[in-house]
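The values are calculated or read from the model by the stated rules, or taken from the named source; none is laboratory data. Computed from a prediction, not measured in an experiment: that's the story for all the values here. So basically every Cβ, Gly included, is an ideal-geometry build from the backbone, and we count neighbours across all protein chains shown.
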Ligand SMILES: Nc1ncnc2c1ncn2[C@@H]1O[C@H](COP(=O)(O)OP(=O)(O)OP(=O)(O)O)[C@@H](O)[C@H]1O
C-alpha cells in the first residue's frame with residue numbers, strides 16, 4: 001500500500017491540465033480589485049518611464065543644439081518626477097501585493113488542511129508525513145507568489161511591451177523592425193526547451209519532497225535513532241537525499257538559464273545590428289539622427305527586458321505548475337471514507353453490534369479478516385486477544401469506520417431496536433457515540449485540562465476532573481507543577497507513557513460513549529495504578545458495551561466474553577473459565593503468560 005517512502009519519487013497521478021490554472025483563478029479572483037489597482041499603479045509608473053529615452057532624444061536633438069537651457073531644466077524636472085512617481089507607485093503596489101499573496105497562501109492552505117482532515121487513514125498509511133507537509137508549507141508558499149505578483153508582472157510586461165512597440169515605431173519604423181526581428185528565434189528556443197524544463201522542475205519537486213519526508217521521519221524517530229546509534233547512517237542518507245535535491249535543482253536551473261541566456265544574447269545581437277544599421281544609414285545620408293539612434297538603443301533593452309522578464313515569469317510558471325499539480329492532486333484525493341449521499345443520523349444506540357460476514361484487506365488481495373460474524377449484546381464486555389498481527393485492532397478500526405469494508409456489513413442497533421448499517425450513517429453521528437482509545441495515546445500540546453476536554457468540548461472543569469478521578473489520574477495530575485493547568489509539550493513529550501495513557505483514558509471517558517473501545521489502553525500503566533484503574537474501568541463499563549484489545553490477559557479475565565482472533569477470524573470464543581476449561585489456543589496463551597498456580 002505504501003505508494004512511496006522517502007527514497008521513492010512520487011508519481012504524478014494526473015498530467016498537467018490547463019484547468020489547474022483556471023482552478024487557481026478561484027483564489028486570485030477574490031482579490032481582483034486589489035490586483036487591478038496594483039496593476040494600474042505599476043502600468044502608470046512603467047508607461048511614464050518610457051518617456052526617459054524620449055527625454056534623451058529631445059535633449060540631444062533639440063535642447064543641446066539650440067543651447068536651450070530652459071528646456072534642459074524642464075526635461076531634468078520631468079526626469080526626476082518620473083523617477084519619483086515610479087518609486088511611490090512601486091512601494092504602494094508591493095504592499096498591496098504582499099497582502100494579496102498572504103491571503104492566497106491562507107486560502108489555499110485552509111482548503112488543503114480542511115481536505116486533509118477528511119482524508120481516510122488509508123491515505124496517511126500510504127505516504128510519509130513529510131511529503132504531505134511539504135505540499136502544505138513549501139509548495140503553497142511558492143505558488144502564492146506566482147499567482148499574485150507573477151500574474152500582475154506578466155500583464156504588466158505585456159502592457160509594457162505594447163507601449164514600447166508603439167514608442168519604437170513612432171520614433172523610427174525601420175530601426176523598430178530591426179529590433180523586433182530577433183523575436184521569432186527567441187520564441188522558437190522557448191518552445192524547444194519547454195518539455196525538458198517542465199520535467200526538470202517536476203524532478204526537483206520530487207527530490208525536495210523526498211528530502212522533507214526523511215527529515216520529518218528523522219525528527220519523529222530521533223530517540224530511536226540515538227538509541228541505536230544510527231546518527232552516522234542517518235546523516236549519510238540525508239546527505240544522499242540533499243545531493244539528489246541539489247543536483248535536480250542545478251539541472252532545472254541550467255535548463256531555465258538557457259532562456260535568460262538566449263534573451264541576453266538576442267539583446268546584444270539586436271543592439272549590434274541596430275548600431276550598424278543606424279550608423280550605415282546615417283552615413284548614407286538617410287534621415288536618422290544621432291538622438292534617434294541613441295533613443296532606439298535604449299528601447300532595445302527596454303523591449304528585450306520585458307521579454308526576458310516574461311520568459312522568467314514563464315520559467316517560474318513552469319516550475320510552480322509542478323507544485324500546483326501536487327497541491328490540487330492532494331485536494332482531489334478522494335475522501336473514500338465519507339458520508340454517503342443521504343446518510344442518516346444514527347439515533348442513540350444501545351451498544352448492540354453485529355458484524356455480518358465481514359471481510360477486509362488493507363492491501364489488495366491480502367485479507368486480514370474473512371467472513372467474520374459476531375454478535376455483541378448491549379452492555380456486554382468483549383475482549384479481543386490473539387497473536388500479534390492477527391487483526392484485533394482491525395476489528396475495532398472497522399467498527400469506527402476508519403476503513404471501508406471489502407465485504408459484509410457492521411450493524412448498530414438503536415433504542416427502538418432498529419439496526420443501522422454503519423456505512424449508511426453520518427460519520428459524526430457514528431463516532432460521537434463511540435469512545436475510542438487507541439494504542440498510541442496521542443496527546444496534543446496545551447494544558448492537561450484542554451487535553452482531557454478534547455473528549456467533549458462543552459465539558460465543565462468539574463466534569464473534566466470527575467473523569468480524571470474515575471481513571472485514577474486526579475492525584476497524579478494534582479502533583480504536577482500547575483495541576484490541571486500544567487502545559488504539555490507536543491505529543492506529551494514531558495509525560496511518561498503511563499501518564500499519557502491515563503490522560504487519554506480520562507478524555508475517552510469524558511465523551512460518555514455508548515460503546516467503549518480500548519486498544520491496549522492500559523499497556524503502559526504500572527500494576528499498582530492499573531489495579532486502581534480497573535476499578536474505574538469496571539464502574540465505567542457498567543451498562544455499557546465495551547470492546548477491549550489486550551495482550552496482558554490478567555486485565556481482561558472478567559470480561560463477559562473473550563474472542564481469540566487468529567487465522568482471519570474468531571478462532572475461539574467464550575468466558576475466561578470456559579476457554580480455560582477448553583484447553584485450546586486461549587489456554588495456551590494464558591498459561592504461557594500467567595502462572596495458573598499463582
Ligand atoms: N495500515 C495498514 N496498512 C497495511 N497493513 C496493515 C495496516 N495495519 C495493519 N496492517 C496489517 O494487518 C494485520 C492485522 O493488523 P492489526 O493491527 O489488526 O493486528 P493486531 O492483532 O491488532 O496486532 P497487535 O497485537 O500487534 O496490535 C497485520 O498483518 C498488519 O501488518
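Would you be able to say whether some residue in segment 354-368 is in a helix (DSSP H, G or I), crowded, with 16+ Cβ neighbours inside 10 Å and within 29 Å of the chain's Cα centre (by Cα)?
The initial filter retains those residues of segment 354-368 that are in a helix (DSSP H, G or I), namely none.
No, segment 354-368 contains no residue that is in a helix (DSSP H, G or I), crowded, with 16+ Cβ neighbours inside 10 Å and within 29 Å of the chain's Cα centre (by Cα).
Please go through segment 120-132 and give me each residue that is buried (at least 16 other Cβ atoms within 10 Å of the Cβ), closer than 25 Å to residue 106 by Cβ and away from the ligand (no atom under 11 Å from the Cβ), ordered by number. Give the steps one after another, and end with the answer.
The initial filter retains those residues of segment 120-132 that are buried (at least 16 other Cβ atoms within 10 Å of the Cβ), namely 120, 123, 127-128, 130-132.
Cutting the leftovers down to closer than 25 Å to residue 106 by Cβ gives us 123, 127, 130-132.
Result: 127, 130, 131, 132.
Take residue 543 and decide whether it is under 27 Å from residue 402 (Cβ atoms), modelled with pLDDT under 85 and loosely packed, with under 15 Cβ neighbours inside 10 Å.
On the way: under 27 Å from residue 402 (Cβ atoms): yes; modelled with pLDDT under 85: yes; loosely packed, with under 15 Cβ neighbours inside 10 Å: yes.
Yes: the conditions hold for residue 543.
Right, residue 105: away from the ligand (no atom under 16 Å from the Cβ), exposed (fewer than 15 other Cβ atoms within 10 Å of the Cβ) and farther than 30 Å from residue 405 by Cα or not? If you could, list the steps in order and put the result at the bottom.
Details: away from the ligand (no atom under 16 Å from the Cβ): yes; exposed (fewer than 15 other Cβ atoms within 10 Å of the Cβ): no; farther than 30 Å from residue 405 by Cα: yes.
So residue 105 fails the test.
Exactly one of these conditions fails for residue 485: (1) under 35 Å from the mean Cα position of the chain (by Cα); (2) modelled with pLDDT under 85; (3) surrounded by fewer than 16 Cβ atoms within 10 Å (Cβ to Cβ). Give me its number.
All conditions are met except number (2).
State which residue is surrounded by the most Cβ atoms within 10 Å (Cβ to Cβ) when the search covers only segment 274-288 and only residues that are more than 12 Å from residue 174 (Cβ to Cβ) and at pLDDT 80 or above.
275
Can you find a residue in segment 415-434 that is more than 27 Å from residue 335 (Cβ to Cβ) and under 27 Å from the mean Cα position of the chain (by Cα)?
Checking segment 415-434: not a single residue is more than 27 Å from residue 335 (Cβ to Cβ) and under 27 Å from the mean Cα position of the chain (by Cα).
Just give me the residues in segment 373-387 being within 12 Å of the ligand (Cβ to nearest atom) and crowded, with 18+ Cβ neighbours inside 10 Å, in sequence order.
First pass over segment 373-387, keeping only residues within 12 Å of the ligand (Cβ to nearest atom): 384-387.
Of everything in segment 373-387, those that are within 12 Å of the ligand (Cβ to nearest atom) and crowded, with 18+ Cβ neighbours inside 10 Å turn out to be 384, 385, 386.
Got a number for residues in segment 388-434 being within 18 Å of residue 567 (Cβ to Cβ) and surrounded by 15 or more Cβ atoms within 10 Å (Cβ to Cβ)?
Taking segment 388-434 first, the residues within 18 Å of residue 567 (Cβ to Cβ) are 388-395, 398, 406-408.
Okay, now just the ones that are also surrounded by 15 or more Cβ atoms within 10 Å (Cβ to Cβ), so 390-395, 398, 406-408.
Of the residues in segment 388-434, 10 are within 18 Å of residue 567 (Cβ to Cβ) and surrounded by 15 or more Cβ atoms within 10 Å (Cβ to Cβ).
Are any residues in segment 436-453 under 25 Å from the mean Cα position of the chain (by Cα), surrounded by fewer than 15 Cβ atoms within 10 Å (Cβ to Cβ) and in contact (Cβ under 8 Å) with a residue 40 or more places away in the chain, and if so, which ones?
442, 444, 445, 446
Say whether the condition of being outside any helix (DSSP H, G or I) and closer than 30 Å to residue 413 by Cα is met by at least one residue in segment 318-334. Step through it out loud before you land on a result.
Going through segment 318-334, the residues outside any helix (DSSP H, G or I) turn out to be 333-334.
Subsequent filtering for residues that are closer than 30 Å to residue 413 by Cα retains 334.
Looking through segment 318-334, at least one residue is outside any helix (DSSP H, G or I) and closer than 30 Å to residue 413 by Cα.
If we scan segment 341-353, do we find a residue that is without any contact (Cβ under 8 Å) to a residue 24 or more places away in the chain and more than 29 Å from residue 117 (Cα to Cα)?
no
Do any helices (runs of 4 or more DSSP H) entirely within segment 13-90 hold 3 or more residues that are surrounded by fewer than 13 Cβ atoms within 10 Å (Cβ to Cβ), and if so, which?
Details: elements: 19-29, 32-49, 51-58.
Counting at least 3 such residues, we get 19-29, 32-49.
Going by the structure shown, is residue 241 surrounded by 15 or more Cβ atoms within 10 Å (Cβ to Cβ) and either within 45 Å of the chain's Cα centre (by Cα) or under 30 Å from residue 9 (Cα atoms) (or both)?
Values: surrounded by 15 or more Cβ atoms within 10 Å (Cβ to Cβ): yes; either within 45 Å of the chain's Cα centre (by Cα) or under 30 Å from residue 9 (Cα atoms) (or both): yes.
So residue 241 fits the description; yes.
Filter segment 115-136 for residues that are within 19 Å of residue 323 (Cα to Cα) and in a helix (DSSP H, G or I) and give the result.
115, 116, 129, 130, 131, 132, 133, 134, 135, 136
Would you kindly identify the helices (runs of 4 or more DSSP H) lying entirely within segment 390-456 that contain at least 1 residues that are more than 16 Å from the ligand (Cβ to nearest atom) and within 20 Å of residue 520 (Cα to Cα)?
Values: elements: 392-399, 427-431, 448-453.
Correct list: 427-431, 448-453.
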